[in-house]
Number of protein chains: 2
Amino acid sequence: MSAGKAVKTTPTTIGQYLIRHLEEHGVRHVFGLPGDYILSFFGLLEQSSLKTIVSCDEQGAGFAADAYARVAGLSAVCVTYGVGGLKIVNSTAQAYAERSPVIVISGAPGVREQAKDPLLHHKVRGFDTQRRVFEQITVASVVLSDPQTAFDEIDEAIHAALAHKRPVYIELPRDMVHVAGRQKHRRVDRTRATDRDALKEAVSEATAMINAAKQPLILASVEIHRLGLHDELLQFAEKTGIPIATTLLGKSVVRENIPLFIGVYEGEMGIPATREYVESSDCVISLGVLNTDLDTGLFTTHLNRGRTISANIDGLAVRYHQFVDVPLPDFMQALLKADIRMRSPKGLPNPESPSPFQARPGAPMTVQRLFQRINTFLDDHTVVIAEPGDALFGAADLMIHNDAEFLAPAYYTSLGFAVPACVGAQLARPDLRPLVLVGDGAFQMTGMELSMAARYGLNPIVIILDNHGYGTERPMLDGPFNDVQPWAHQHIPALLGAGQAFIIRTEDELDRALTSARKYTKGFSILSVQLGAHDISPALKRLTESLGRRVAKKT
Amino acid sequence: MSAGKAVKTTPTTIGQYLIRHLEEHGVRHVFGLPGDYILSFFGLLEQSSLKTIVSCDEQGAGFAADAYARVAGLSAVCVTYGVGGLKIVNSTAQAYAERSPVIVISGAPGVREQAKDPLLHHKVRGFDTQRRVFEQITVASVVLSDPQTAFDEIDEAIHAALAHKRPVYIELPRDMVHVAGRQKHRRVDRTRATDRDALKEAVSEATAMINAAKQPLILASVEIHRLGLHDELLQFAEKTGIPIATTLLGKSVVRENIPLFIGVYEGEMGIPATREYVESSDCVISLGVLNTDLDTGLFTTHLNRGRTISANIDGLAVRYHQFVDVPLPDFMQALLKADIRMRSPKGLPNPESPSPFQARPGAPMTVQRLFQRINTFLDDHTVVIAEPGDALFGAADLMIHNDAEFLAPAYYTSLGFAVPACVGAQLARPDLRPLVLVGDGAFQMTGMELSMAARYGLNPIVIILDNHGYGTERPMLDGPFNDVQPWAHQHIPALLGAGQAFIIRTEDELDRALTSARKYTKGFSILSVQLGAHDISPALKRLTESLGRRVAKKT
């Protein structure tokens, strides 16, 4: 953020200022649903450069905005008070957990209306109930009830979203939308200064460690995505010849078909060769990694802190000591310039390239064969969006062609993300075509948000892994609660007035449907792949056995 | 709650105790979706008398549970941690606002797992984030992490739900489900004692006021529903000959075809004759009324506190003075026994009885004619469930045959309620057939929860008022954000594998479809009624004009 930049002196309203801020940060779409408390702001959005994207339910808007923020660096979701805002608590919580900077803009009753604390529709307990809820799941929450401070509060909230890469909450009482803010407002630079001396020492120590190491390794993850450091990461690896592994949450921080990429490291869940290489490294350069249960294969990873350089948004550690105010981007830039010796490692455990897929006519589909086939289908312009469950675990082994072409909530793991997310992702990156991998259970949550794709002319390919229930849970504890009512997905295009759909039982049917989907670019394609109720990927098998041991069993 | 009742001494686990409590309070169904943190409790539910009802998305379970609580007096919704719990914040907030006692049971990571604060999937900020959120929207929130206190906490939470008629939150860490609680546990009677002297004084004052009045009137609303005082209300009216009006939120606290019923009072929104009668009363006996904006026609009601007796769950007022610890049920019982003189009021403004409907072949459907036709369709076994919007406002004029046969969130007004609510309502009262009135916009939010109806063999009749958008908002401020992607609803039965559907453009088509729906009892019927984008009911016209004036307009 530029320091002390003066706002032009024509009277600017609070609503206009908020919109201008979003525009300046490259936001081009706002997701949401109208309602009387936010209606005048929707009217104002229509007059701006921002395009309003209306979802079926607020939940869909929340997930679409989460995906948009992951791809574009910032997003906004705009909802009415109470019945709108409280529907996106879960999607906002996910954005918090996985560092996705979503601006939640909620309407509210007017300041004057609230004065005598009347029972206005959409109110829960007090008029501050919604803000109190969002306080728990955002890094800043402001209510723009005072024109003298409103611009400052907008600055502060958006700065917080960008600095922490986490959601913020802006509540806009409806009688404040068209009120002028403080016209002499100047933006204050809120950026914390880098401690240059600390940075120098950290880089010097890191350089020495790396140069002394026999088998250094980069382990890169989600924060590299959020900070947009893909190019720097690749340059650093190529300049030094140090191989890269990623974690599941960070999959595709680097394109996966380069010689230095050695796979997704996820402890016992992952591919053994990758694991062995990572765990035998004598210097792990950990960049933007969160040590979540799923990213560590349920804490089955074994990394020695005494051999690790660990850089994150929230701090930097070299071995056992911490550096304050050394941001990850500065550290990466400094590493790029550091005197690190080039090496040419041999025999790296690169993931297998997709092997040509020969469909066996009439052969029933299996999860394993499905992912083998998808792997041959991906190209440079595919963004894979994987729903938690076997869609995600199976997708870990797909070879992603370019950086930032894989999206999945691999830590918070909320079901219902993938379909609305594909709308957000394609609007943020119209050059990419989404390939959505979603289970039949999750599809019933938000799959009808394909209605958004129909409305806004998008063309995702949606592959439903239809195994008739919550397949991830069956190995832990099965019962009728894991079953899902069968849906005949072939009828969705007729219902939504767009798209095409296929029911796929055999390998040759899959082949034909994928060929058709590739050609059919004017709308969405649904490929409902019929799988056995107990057919799961090898990765999921390993995971659920481990999870199952943790579900308290009756003795 | 009975005082000091001993729990039998065989070792009872925390999970079993919770289930037994629900059973004792007449709960027969639990709504929800499984997830690994709640899975073992789902397993336990399977072994109990409670039937688990699985929805498409947690939101649907939340709304179904809200409706179930309104009809049956208590309900439970059971979800996993984070991704489950945080999806039902909105439905729980509605239950809070409209006094619906829903027990939210959420799984959580085990107490032992949480010990070192690791990044476990579904965690947001801290392990207490979800509880902190629910604290804002419930009257009790407990975490059953200590076997020594767990039974007490369950008692306390369920007592709070029943006493306040509001939701409570019970978090059950997964390693506590099968742990035995304190076996010497005794339930403590938490009921606050009625102040008998205060009650006596209040009833004496009320009796004098009523007997001195020329035109006393009962205004009854939602809390009568929640306290199950329908019979007492009717007896009181019939014993004294005092006429009854209701508010929108309390519609059907009394059956509407009795001579003493004079309509729904809602200020300028309502029928003028009802309004005149109510406002000319010299003694209003207000029973369980919440003075919300929609119930007061946006605060256009005119009642003089100096002529009002006002009894609520939270307190009793006679004219300008308050009585503490005089509960509404005790007050009603005492009023029934009081020496109030019988009268025989003449010329009451009874709502018009449904007049025979003659379909005009080929005549396009209008909102007004739709409601006229529906009015002739209702019978003693129909429960009308109205979604906020014109479905609700138009439904205000329907004549409901029996008490408690109308359900609508007429204060909090969350869209997405009606379809999942019909599942909850019909499971709670299998003798009733739901008639759902829902807009096309709201249907896109949760309409696919008809999947639940298909799965559990229910047969609601769902009338979609398809006016191609958010019709309630168009008169306030129109724009493309008020449009909704058209859905061809006739394809839903094929998609869900159940039910039948009709697209209705004319009056004779409506006639035929209703006749068919009446006969077709094995599944749901969808009647998608095609309406003009700007065709709204007279009540909505009055309301939106008033609301529109409050939407801050750009000058």
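The values are calculated or read from the model by the stated rules, or taken from the named source; none is laboratory data. Keep in mind the model is a prediction, meaning the values are calculated, not measured. Neighbour counts run over all protein chains shown; Cβ positions are idealised from the backbone, glycine included. Accessible surface areas use protein heavy atoms only, side chains included; no ligands, DNA or RNA. Shrake-Rupley method; radii C 1.70, N 1.55, O 1.52, S 1.80 Å.
Observations
Results for (1) touching a helix residue (DSSP H, G or I) at 6+ places or on another chain (Cβ under 7 Å); (2) at pLDDT 95 or above, shown as yes or no for each residue.
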residue	(1), (2)
B:L427	yes, yes
B:P430	no, yes
B:D440	no, yes
B:E449	yes, yes
B:R455	no, yes
B:L465	yes, yes
B:E473	yes, no
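- Of residues in region B:208-225 being more than 14 Å from chain A (Cβ to nearest Cβ), in contact with a Leu (Cβ under 8 Å, 6 or more places away or on another chain) and not small (G, A, S), the one surrounded by the fewest Cβ atoms within 10 Å (Cβ to Cβ): B:L219
- Scanning region B:95-146 for residues that are in a helix (DSSP H, G or I), more than 10 Å from chain A (Cβ to nearest Cβ) and among the polar types (S, T, N, Q) yields a single hit, B:Q114.
- Qualifying residue in region B:2-14 (condition: modelled with pLDDT of 95 or more, open to solvent by less than 60 Å² (accessible area, probe 1.4 Å) and touching a Phe, Trp or Tyr at 6+ places or on another chain (Cβ under 6 Å)): no
- For region B:186-224, residues that are under 30 Å from the mean Cα position of the chain (by Cα) and free of Cβ contacts under 8 Å to residues at least 12 places away in the same chain total 0.
- Residues that are of a type outside the set (A, V, I, L, M, F, W, C), farther than 16 Å from A:F406 by Cα and either in contact with a Leu (Cβ under 8 Å, 6 or more places away or on another chain) or assigned to a loop (DSSP other than H, G, I, E, B) (or both), drawn from region A:228-278: A:E232, A:Q235, A:E238, A:K239, A:G241, A:P243, A:P259, A:E266, A:G267, A:E268, A:G270, A:Y277
- Residues being in a loop (DSSP other than H, G, I, E, B), more than 30 Å from A:A311 (Cβ to Cβ) and modelled with pLDDT of 95 or more - total across region A:164-190: 7
- Matching residues, region A:502-512, being acidic (D, E) and open to solvent by 30 Å² or more (accessible area, probe 1.4 Å): A:D508, A:E509, A:D511
- Some residue of region A:538-545 being buried (at least 23 other Cβ atoms within 10 Å of the Cβ), modelled with pLDDT of 95 or more, more than 12 Å from chain B (Cβ to nearest Cβ) and farther than 18 Å from B:L495 by Cβ: no
- Those residues of region A:15-57 which are hydroxyl-bearing (S, T, Y), buried (at least 21 other Cβ atoms within 10 Å of the Cβ) and within 8 Å of chain B (Cβ to nearest Cβ), in sequence order: A:S40
- Residue list for region A:58-75, filter: open to solvent by 10 Å² or more (accessible area, probe 1.4 Å) and either touching a helix residue (DSSP H, G or I) at 6+ places or on another chain (Cβ under 6 Å) or free of Cβ contacts under 8 Å to residues at least 40 places away in the same chain (or both): A:Q59, A:V71, A:A72
- Any chance B:Q490 is in contact (Cβ under 8 Å) with a residue 24 or more places away in the chain and part of a helix (DSSP H, G or I): yes
- In region A:84-94, residue surrounded by the most Cβ atoms within 10 Å (Cβ to Cβ) [restricted to those that are outside any loop (DSSP other than H, G, I, E, B) and touching a residue at least 40 places away in the same chain (Cβ under 8 Å)]: A:S91
- Residue in region A:268-279 that is within 14 Å of chain B (Cβ to nearest Cβ) and either in contact with a helix residue (DSSP H, G or I) (Cβ under 6 Å, 6 or more places away or on another chain) or within 17 Å of A:P216 (Cβ to Cβ) (or both) present: yes
- The listed residues are B:P167, B:P173, and the only one of them that is at the interface with chain A (Cβ under 10 Å from one of its Cβ atoms) and open to solvent by less than 10 Å² (accessible area, probe 1.4 Å) turns out to be B:P173.
To keep it simple, each residue is scored yes or no on (1) buried (at least 23 other Cβ atoms within 10 Å of the Cβ); (2) over 21 Å from the mean Cα position of the chain (by Cα); (3) within 28 Å of A:I313 (Cβ to Cβ).
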site	(1), (2), (3)
A:G82	yes, yes, no
A:A97	yes, no, yes
A:S100	yes, no, yes
A:S106	yes, yes, yes
A:A115	no, yes, no
A:L120	no, yes, no
A:G126	no, yes, no
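- Across region A:275-334, the number of residues qualifying as crowded, with 16+ Cβ neighbours inside 10 Å and of a type in the set (D, E) comes to 3.
- Pick from region B:480-501, criterion of a type in the set (G, A, S) and at the interface with another protein chain (Cβ under 7 Å from one of its Cβ atoms), ranking: least open to solvent (accessible area, probe 1.4 Å): B:A488
- Condition check for A:A193: under 30 Å from A:V27 (Cα atoms), part of a helix (DSSP H, G or I) and open to solvent by 40 Å² or more (accessible area, probe 1.4 Å): no
- Among the criteria (1) over 20 Å from B:M332 (Cβ atoms); (2) of a type outside the set (F, W, Y); (3) open to solvent by 10 Å² or more (accessible area, probe 1.4 Å), the one B:L248 does not fulfil is (3).
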